[in-house]
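Q: Here it is: the structure, laid out below.
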Amino acid sequence: MNYLVIYAHPNPKSFCHAIKEEVIAHIKKQGGKCETRDLYQMGFNPVLGSSDFVQFLQKRTPEDIQKEQDLVRQADILVFVYPVWWFSMPAILKGYVDRVFFRGFAYDYKGPMIQGLLKGKKAILLSTTGGPRFAYYLLGYLSAMKTTIDVGILNFCGIKVALHKYFYAVPTVGDAARKKMLASIPKIIS
């Protein structure tokens, strides 16, 4: 299997970073191929700008976007690792989606119908939160995030979400709880 790990956290000492490292180690241990895109480390430009639109209208793809689209094409499974900020993904990851999952690559219209162009691909999303599960559940944030991210982005593009796992209250749980969370990664990725 070919995996593409798309990681969005600026702190290399974060729990998200530990999750990413565990994901990569497990994929390699299982003999899978893994490409990692650390968006902050890459200095990925998340702004879908007017020059991007000009090139798209000319049936050209900006070079940095083309590289990312090629990696997405080659992947069987996309693994997104990111913190939940303001009940969504970080802006750099949303910008990655805006620029890379563009019309004609990730989706298109066939008459009035939307056609997801990335069918056959799966996604695993691993998200950390600052708050406890009950707060996200009771206030409706979990269903809102599922609708906007899992359905509104990934399913829209034809990608099947195999799992969206939230690791709750990361800053306030103890080390034992975080170790248990990390120990669950191999089962999640398998």
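Q: Below 18 Å, Cα to Cα, which aspartates and glutamates can residue 121 reach? Residues fewer than 8 away in the same chain don't count.
A: Output for residue 121: 35, 68, 70, 76, 108, 150.
Q: I would also like to ask the following. Efficiency by 1/(1 + (r/R0)^6): what FRET value for residue 173 and residue 57, r their Cβ-Cβ distance, R0 = 41 Å, to the nearest 0.05?
A: On the way: r = 49 Å, r/R0 = 1.19.
Given R0 = 41 Å and the Cβ-Cβ separation, E is 0.25.
Q: Can you compute 3J(HN,Hα) from phi for each residue in the stretch 74-80, using the Karplus curve 6.51 cos²θ - 1.76 cosθ + 1.60 with θ = phi - 60°, rounded to whole Hz and x for Gly and Pro?
A: Per-residue couplings from phi come out as 6, 7, 8, 10, 9, 10, 9 Hz.
Q: Beyond a 25 Å Cα-Cα separation, which of these cross-linked pairs lie in this structure: 13/146; 67/179; 28/165? Each step should come with its number before you reach the end.
A: Numbers: 13/146 27 Å; 67/179 35 Å; 28/165 21 Å.
Going by Cα-Cα distance, 13/146; 67/179 fall outside the 25 Å limit.
Q: Continuing with the same structure: About its Cα centre, how strong a charge dipole does the chain have in debye, to the nearest 20, once Lys and Arg get +1 and Asp and Glu get -1 at the Cβ? Don't skip to the end; give the middle numbers.
A: Values: 25 positive and 14 negative charges, 106 e Å.
Value, rounded to 20: 520 debye.
Q: For residue 169, enumerate residues with amide H under 5 Å from its amide H, sequence gap 5+ or separate chain, H modeled in the peptide plane.
A: It is 129, 130, 131, by chain and number.
Q: Considering the options 6, 101, 111, tell which one lies farthest towards the positive end of the dipole of the stretch 1-129, charges being +1 on Lys and Arg and -1 on Asp and Glu at the Cβ, about the Cα centre.
A: 111
Q: Assuming 0.36 nm per residue, please report the length gained on full extension of the stretch residue 87 to residue 183 beyond their Cα-Cα distance. Kindly include the intermediate steps, with their values, before the conclusion.
A: Working: separation 96, 0.36 × 96 = 34.56 nm, distance 2.52 nm.
Length difference between fully extended and current span is 32.0 nm.
Q: Separate question: Using amide H atoms built 1.01 Å from N in the peptide plane, name the residues 5+ places from residue 80, or on other chains, whose amide H lies under 5 Å from its own.
A: Correct list: 6, 124, 125, 126.
Q: Where Lys and Arg each count +1 and Asp and Glu each count -1, what net charge lies around residue 8 among other residues with Cβ under 14 Å from its Cβ?
A: Working: positive: 20, 37, 94, 99; negative: 38, 68, 98.
Value of the local net charge: +1.
Q: Most mobile of 150, 108, 175 per a Gaussian network model of the chain (Cα springs, under 10 Å)?
A: Fluctuation is largest for 175.
Values quoted throughout were computed directly from the atomic coordinates according to the rules given, and no laboratory measurement underlies them. Please read these numbers as outputs of a predicted model, since none were measured by experiment. Methodologically, a virtual Cβ is constructed for each residue, glycine included, from the backbone with ideal geometry; neighbour enumeration extends over all protein chains shown.
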